[in-house]
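Student: So that we are looking at the same thing, I have put the structure below in structure tokens.
The values are calculated or read from the model by the stated rules, or taken from the named source; none is laboratory data. The structure displayed is predicted, hence computed values, not measured ones. Every residue, glycine among them, receives a Cβ derived from its backbone with ideal geometry; neighbour counts consider all protein chains shown. For the accessible areas, the whole protein counts, side chains as well, though only heavy atoms, and no ligand, DNA or RNA atoms are used. Shrake-Rupley method; radii C 1.70, N 1.55, O 1.52, S 1.80 Å.
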Amino acid sequence: MAGLDTSAFDAALKTVFGPRLVDELNSEVALYTKYQKGDKEMWEGRDTVEWALRVGRNEGFAYGRERGPIAEAGHQSYVPFKVPLRFGWARLNISGPVMKVSKTNKGSFKRALQSEYDGLRMDFLDDKNRILFHDGRGVMAMVNGAGGGTTTLTVDNAGGMLGAATNGARYLQVGQIIAILNTTGTAVSSVRTITAIAATGLTVTLDAAISATDALENGLIVRCPNANVTSVADTAYNKEPMGALGHNDDGTFVNNYFNVNRTAYPVLKSNVFTAVGALNLDTMQQGFDVAAQIGRGSPTEIWCHHSVRRAYLALLTANRRYLSTGGANTHDGGFKGAALSTDIEFSGIPIKVDKDAPYGIMLGMDWDGATAWENTPGEWIDEDGAILARVPGQDAFEAVWRCYDNFSHDQPNKCFRLDGINSNIVVAHII
């Protein structure tokens, strides 16, 4: 079992230390704060939160003549909206010698155990950020060309989004155990561990050679808890919480949305504009206008990847006037704070960016109706009175972080989405 031993923690066990242990990892969960918290008590005694969702009007009214017939009685139409609980765990293993050595190491203010606690929690939250931008399927990427009997695997369609050829490995990481499923997600073809990721974002190196049977063309790549898994049910496929691409959707990614078929009940569809191509201000305004007409929506934020925001900034450049900010020849191009310290706006609506947002998409979000259903927001398992548990037969200990939750939006027709936006993508693999 892999865990933290003295060789792995060597970087933090030097005799000379700087003033702090630097965290080089970006672990912010951008969308989490946008959801209102659901009533925790609704989870008690069940694994699904359910309520009635109104999907049809009572049309039993009409004007007519005096003493004429009045309208036949009608009724409201409802469907059950069911949000299932999703279960997440994170696990660490630390050896007894590491705990002893780090306690006595001169200048080591950051103890090994605390470092592992904090690091694992933040790593879990970083993956949660990816999850909250996607559709609950848990697809990290897809196979681009069947395995060829080597340890190299070509990937595309990051997040399971068809047509996304660039940087297919953007959500994959070195050390991840992945299951490669067949194209329908009904069988596990193979399980591997990622050992390297190419700078192009197009290929990954695995710990063992992979054949055409092990990795089918367009096979689905998902997270996997260990190398011994053989059943799809034991992978992360269709086990992750629902994210923004599932909420703000017309059935392209999620047609059965929490037990409601979006084809049968289009009131649960968001307003999606496909194949936008070159971004333009009129199309963006159309998104707001249609959301207002269809769902009485008023999106308060636009979320997108940095590359999509650059496409928007390019629309504004022609109208900019570059004036001196003081003294001779100090003209300032670009945007204040490189558009990072303050939000660029469209009609007063902030445009926010995130590293995990899908390429080529703008999400116009009206957060009214968005709910975080949290049975267990996040905690270390400690029912037996201790976070650390002994590993049988070893001088080692383990701890497990858990999170039981899901996210829903019961008025997605208040939102809009622009798909297929042309933008210049810089391939950057975020660790």
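Student: Longest exposed-loop-site-free stretch of the chain, with GluC sites (Glu not before Pro), DSSP loop and at most 15 other Cβ within 10 Å?
Tutor: The longest such stretch corresponds to 218-382.
Student: Sticking with this one: Report ³J(HN,Hα) in whole Hz for each residue of region 296-310, in order, from the Karplus equation J = 6.51 cos²θ - 1.76 cosθ + 1.60 where θ = phi - 60°; Gly and Pro get x.
Tutor: 6, x, 9, x, 9, 8, 10, 10, 6, 7, 4, 5, 6, 5, 4
Student: Okay, moving on. Where Rh denotes the Kirkwood radius from the mean inverse Cα pair distance, what is Rg over Rh for region 348-431?
Tutor: Using only Cα positions, Rg/Rh for region 348-431 is 1.18.
Student: Could you give me the ³J(HN,Hα) list for region 411-417, computed from phi with Karplus coefficients 6.51, -1.76, 1.60 and θ = phi - 60°, whole Hz, x at Gly and Pro?
Tutor: Each residue of region 411-417 in turn: 9, x, 6, 7, 9, 9, 9 Hz.
Student: Which one of Ala314, Ala90, Ala338 has the biggest mean-square fluctuation once the chain is modelled by GNM with Cα springs under 10 Å?
Tutor: Ala338
Student: May I pose another question? Apply the Karplus parameterisation 6.51 cos²θ - 1.76 cosθ + 1.60, with θ equal to phi minus 60°, to every residue of region 259-265 and state each ³J(HN,Hα) to the nearest whole Hz, in sequence, with x for glycine and proline.
Tutor: 6, 10, 7, 6, 5, 6, 10
Student: Accessible area of the chain with a 1.4 Å probe: how many percent of it is carbon plus sulfur?
Tutor: 52 percent
Student: Also, quick follow-up: Build a GNM of the chain with springs between Cα atoms under 10 Å: which of Gly393, Gly369, Gly277 gets the top mean-square fluctuation?
Tutor: Gly393
Student: Quick check for you: with a 1.4 Å probe and neighbouring chains kept, what is the accessible area per residue of the chain, in Å²?
Tutor: Accessible area per residue: 50 Å².
Student: Around Thr203, which amide H atoms from residues at least 5 apart in sequence, or from another chain, sit under 5 Å from its own amide H, with H modelled in the peptide plane?
Tutor: Val155, Ala198
Student: Please build a GNM for the chain, connecting alpha carbons under 10 Å apart, and tell me which residue among Ile197, Ile221, Ile349 fluctuates the most.
Tutor: Ile349
Student: Show the residues, 5+ positions off or on another chain, whose built amide H is closer than 5 Å to the amide H of Gly297.
Tutor: Answer set, sorted by chain and number: Ala292.
Student: Quick one: work out Rg over Rh on the C-alpha atoms of the chain, Rh as Kirkwood radius.
Tutor: Reported Rg/Rh, Kirkwood definition of Rh: 1.03.
Student: If you find the alpha carbon centre of region 150-173 and of region 369-401, how far apart are they in angstrom?
Tutor: 32 Å
Student: Would you pull out the residues with amide H under 5 Å of Ala396's amide H, same chain only if 5 or more places away, H placed 1.01 Å from N?
Tutor: Gly96, Val391
Student: With charges only on Cβ, +1 for K and R and -1 for D and E, what is the dipole size of region 98-221 about its Cα centre, in debye, rounded to 20?
Tutor: Value, rounded to 20: 720 debye.
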